[in-house]
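The values are calculated or read from the model by the stated rules, or taken from the named source; none is laboratory data. All values derive from a computational prediction rather than experimental measurement. Don't worry about glycine lacking a Cβ; one is built from the backbone with ideal geometry, like all the others, and counts go over all protein chains shown. Only protein heavy atoms, including side chains, enter the accessible area calculation; ligands, DNA and RNA are left aside. Shrake-Rupley method; radii C 1.70, N 1.55, O 1.52, S 1.80 Å.
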Amino acid sequence: MKNIFIILFVVTFLTACVRPHNKIETTAFDQPLLTQIGVVEGEMNNGLRYIILPNNKPANQVSLKMMVNAGSMHEQDDQKGIAHLVEHMAFNGTTLYPANSIIEKQESLGLVFGRDVNATTSYDTTSYYLHLPASTDALLNEAFQMLSQQASALNFEQSELEKERPVVEEEWRRMLSMRARLSDKIQKITMSGSRYVERNPIGDMNLVRHVNAERIKAFWNSWYHPNNMVFVAVGDITESQVKTLLKKHFGHMKNTPLPKRPDFSISVPNEISLHAVSDKELVTESIMVNFISEEPQATSKQELRKQLIRELALTMFQDRLRFQYQAGGKHVNKLFVFSSEMASKYVNTRLFGILGEDNYLDAIREMFSELSRFAHHGFTQYELNVVKQVLTKEYDMAFENESSVLNAALLHRVSSYVQKNMAIISQVEKLTLQKKLLNSIGIDEVNRYLKVLVEEREPLVIAQVKPENEHKLPTKLQIKAAWQQSMKTPPAKLSRVSIDKPLFTKVLPPVNVISHEVFDQTHVWKLANNTQVWFQPSDKWPDTLLLKWQGIGGTQHLEQKDRRIAQIAVSQLPRFGYAGFDVMQLELVNAGKSINIGAFINQQVHQLSGSSATDSFETWLQNFYLQLTSPQTNRNIWQTNKNMMLKGIEGAENLPHTLFTKQWNNVLFTHNPSLKMLKTDELNSLNSEDLLTAWKSVFGSAEQHQLIIVGNADPEWVIKVASQYIGNLPQGQGKSKVKLPPLSGSDKVVVVNAGEEPKATALMYWLVDYPFSETLSRQASILSRIISTRIREQLRETAGGIYTSSFSITADQGREQLMASLRYNHQPERASELQQLALNVIKELTAHGITESELHTVKEQKRNFLNAENISDGSRLRWLSKSATNGEYVSMPSNYLEWLDSLTADELLSIAKKLLTEPISLDARLMPKDISAFSNSEKVKSSK
């Protein structure tokens, strides 16, 4: 629920829930896109619209959403934040579900609050959704009844409102950050004069704190009517069922005249201007060159074609900028271009530059010059062909995987069309048409896009700078002169990036497969260089393979002096390319293939993981092989990246979050210095050759490694292709797991006073030495869910003190430690009160145990999650990865479910007592710099 759906630039535009039915004469090219096959749309007698999309992924399940065409834009001046408050109150008491009992009911049905049950408030809609684990008549009846109650039977009790106000305030408090402040300022510029600027969905906290229940109810009474709602059902459900249940639970609601709808328009600027936004906590300065235009949603072939032309032009422009600014520019370190929807009829095309110095006029000139260069000279047919190859592959993959899209994703898609007042467009039709239109678009059309953009529009320039540098910004006259000069005298044409050699030319010798075992449907092959390939077939996604290369050998296997280097190397080396190709050349040589590969390292293991289309599997393996065997570095790119990292570290040094993290890191990671925050002196001493050496030391050996694969492919084909590359990796020497240094707390209390925002953070750790077992790890997960629910109920729903909390218990195999952590943000003056409430929850559980009811609820939630239809390929990959690491196949999920059935409350209580009756190992708090500015009720000792 109450994840407020605030989008600062992508804002939906909905003026009515009912699509126009008037016929318009159109040419063949202007014909509307075909609607989704199978979609059923109808309307009840009271005006309630319904949309049904049958789907069998997952089988026998249903996702429901009730959409109310009213959000923050519909609020009156004295109602700012009321739409969101109504959403919250919908979980705080209805006729049939008083107080918070609707949440209790939903959880008792096996739904997880936040995952399966939620609601969102945006500028134009408020939506309530349920993802049901089954499509039984009984469960559907319960679900429709609950949504009906939220639509028509809210209590708005003053006592419940008083509990919910601080929860909303904590949601607002959670968003108090430098990034949010800057986004708000930027929105006020780009959407100047529009209602959006005045109607942030989170609302005005002064009003939220004091508005009475009757004023909130007035908003509900104005907009919560069936003729202002759309009910969406996706999954295993029929129109007959939906109509019957809607009539039963929503039929009593009356069609009611609605208030006048607000103006959703945005003023489109077309005169060059310069605006400054600043913040005391700003670290990285930037310039944004914005071109705002009114562009309709793509509902016809012609509009879709225009959208594709824009995408092609900006993609080629971005590719050029990435190559050109790999090692930075003269006054701009990095330069990007992209476009985003501001509302359904408006698009902002933005050139975004990260600055390396405070010479703002020269930086703006440089950005203008690049716009002028590519608007004047355009791009080449070769570049267009490459981008077309990439997009065609994306469309092909999406087309193949469309039959496997899950209910939740389809619900989101349908809801998006409803919000935009559009027909439910067929994704298959759209993908087919996009591919066809793509082939019809020529280079002249694409080049014309950027040229027309800069000829017909003048930019709105926003400088994001530190407060002390605002006086250094140029004047509007200087900006205008720079723009005019750049457009008159474009820089010289640059040569395009090209590649004239194939990716892989090495002839690899045949590889012997030593053994082949099959467990259930999982295949395990062992190769001559002591590597393994694990493969589990899955048809979840017809054209996608998930892959992970893993081995023992993390930072803890290295000398202390090399550990930090290895961490940085794993994040930086892929940016330099490999096998003589830079990253842009690799994109060109891999065009038309769908692959991605990412590197990872922790203290114990290292990995290369990613995904590929089925027909791109061998290309993925070739890139993977070259990345391991032929890594490379680039001194200039590393220097640019290092300078940006150094600037970021230095700039963030005195930020509240940095000060807090440093303090608790220094306690918790006393024996694990490489886990602490990166320091400038550690970074300054590194050169690019150090990174290359570290990469080779981590990834240079294949001994005892495994390639894990999950996806839709033939096992014989998988091993035939995979063995050729995996079996030819240098064997080297394998590593064994090492005992990791313990985390430490020593009953420490850390308090940091920093920042001026009225928010605080609490962080607590409990640590005990404890032998690891897989059973312990599973028990810790179940116990975490039970305690998390209790803490949420007490701190949020009863005390109204937090918006969300994070509690987890982890069995750390490498350290042989059992640990628990609790973190939440809160009102500063309630620090001691809320901590005591949380500790009382834990004390109550360890003293009186776990109820059979709450254990049953969590077991049902786990069973629903582990339903074969709900298990994702990502979950299968993680499970298989664990089996491969341990060297023993364990069936998923039958092994786990058998264990779950036998789990008792006493087993969990035993663990809770051993861990949570111990003193808190680390008690850390981040408080405002001047707590007295908010309250004198609590004295806080500063650690500074």
>> For region 558-616: of the residues being part of a strand (DSSP E or B) and more than 28 Å from Thr680 (Cα to Cα), which is farthest from the chain's Cα centre (by Cα)?
In response: Phe581
> Can you tell which of Lys2, Lys23, Lys65 is at pLDDT below 95 and open to solvent by less than 40 Å² (accessible area, probe 1.4 Å)?
Replying inline: Lys2
> Does region 153-162 hold any residues that are in a helix (DSSP H, G or I) and surrounded by fewer than 19 Cβ atoms within 10 Å (Cβ to Cβ), and which are they?
Replying inline: Gln158, Ser159, Glu162
> If Lys57 satisfies every condition in (1) under 30 Å from Asp539 (Cα atoms); (2) assigned to a helix (DSSP H, G or I); (3) basic (Lys, Arg) but one, which is the exception?
Replying inline: (2)
> For Glu104, are the conditions met, namely being more than 22 Å from Val167 (Cα to Cα), modelled with pLDDT of 90 or more, over 26 Å from the mean Cα position of the chain (by Cα) and not hydroxyl-bearing (Ser, Thr, Tyr)?
Replying inline: no
>> Checking the conditions here, which among Leu837, Leu880 is aliphatic (A, V, I, L, M), open to solvent by 20 Å² or more (accessible area, probe 1.4 Å) and touching a residue at least 40 places away in the same chain (Cβ under 8 Å)?
In response: Leu837
> Considering region 217-261 alone, what residues qualify as being open to solvent by 30 Å² or more (accessible area, probe 1.4 Å), assigned to a loop (DSSP other than H, G, I, E, B), of a type outside the set (Ser, Thr, Tyr) and over 14 Å from Ala153 (Cα atoms)?
Replying inline: Asp236, Asn255, Pro257, Leu258, Pro259, Lys260, Arg261
>> Could you check region 899-933 and list, in sequence order, the residues that are within 30 Å of Pro656 (Cα to Cα) and in a loop (DSSP other than H, G, I, E, B)?
In response: Glu918, Pro919, Ile920, Ser921, Pro928, Lys929, Asp930
> Any idea which of Met316, Met342 is open to solvent by less than 30 Å² (accessible area, probe 1.4 Å), over 20 Å from Lys642 (Cα atoms) and at pLDDT 95 or above?
Replying inline: Met316
> Would you pick out the residues in region 470-492 that are under 38 Å from the mean Cα position of the chain (by Cα) and open to solvent by 80 Å² or more (accessible area, probe 1.4 Å)?
Replying inline: His471, Lys472, Lys476
> Can you pull out the residues in region 498-536 that are open to solvent by 50 Å² or more (accessible area, probe 1.4 Å) and over 26 Å from Gly700 (Cα atoms)?
Replying inline: Ser498, Asp500, Glu517, Val518, Phe519, Asp520, Gln521
>> Given the criterion assigned to a strand (DSSP E or B), outside the structural domain of Gln639 (by the TED database) and either open to solvent by less than 10 Å² (accessible area, probe 1.4 Å) or in contact (Cβ under 8 Å) with a residue 40 or more places away in the chain (or both), identify the matching residue among Leu335, Leu308.
In response: Leu335
> Taking the condition in a strand (DSSP E or B), farther than 30 Å from Glu281 by Cβ and in the same structural domain as Ser612 (by the TED database), does Val710 pass?
Replying inline: yes
> Can you spot a residue in region 239-251 that is touching a Pro at 6+ places or on another chain (Cβ under 9 Å) and closer than 30 Å to Glu295 by Cβ?
Replying inline: no
>> assigned to a loop (DSSP other than H, G, I, E, B), surrounded by fewer than 16 Cβ atoms within 10 Å (Cβ to Cβ) and outside the structural domain of Ala99 (by the TED database): which single residue out of Ser853, Ser832, Ser891 fits that description?
In response: Ser891
> Quick check, is Arg863 part of a helix (DSSP H, G or I) and open to solvent by 20 Å² or more (accessible area, probe 1.4 Å)?
Replying inline: yes
> Any residue at all in region 566-584 that is touching a residue at least 40 places away in the same chain (Cβ under 8 Å), open to solvent by 60 Å² or more (accessible area, probe 1.4 Å) and not basic (Lys, Arg)?
Replying inline: no
> Out of all the residues in region 769-791, is one or more of a type in the set (Phe, Trp, Tyr), open to solvent by 40 Å² or more (accessible area, probe 1.4 Å) and touching a residue at least 60 places away in the same chain (Cβ under 8 Å)?
Replying inline: yes
>> Suppose we keep only residues that are polar (S, T, N, Q) and open to solvent by 10 Å² or more (accessible area, probe 1.4 Å) within region 346-372. Which one would you say is modelled with the lowest pLDDT?
In response: Asn359
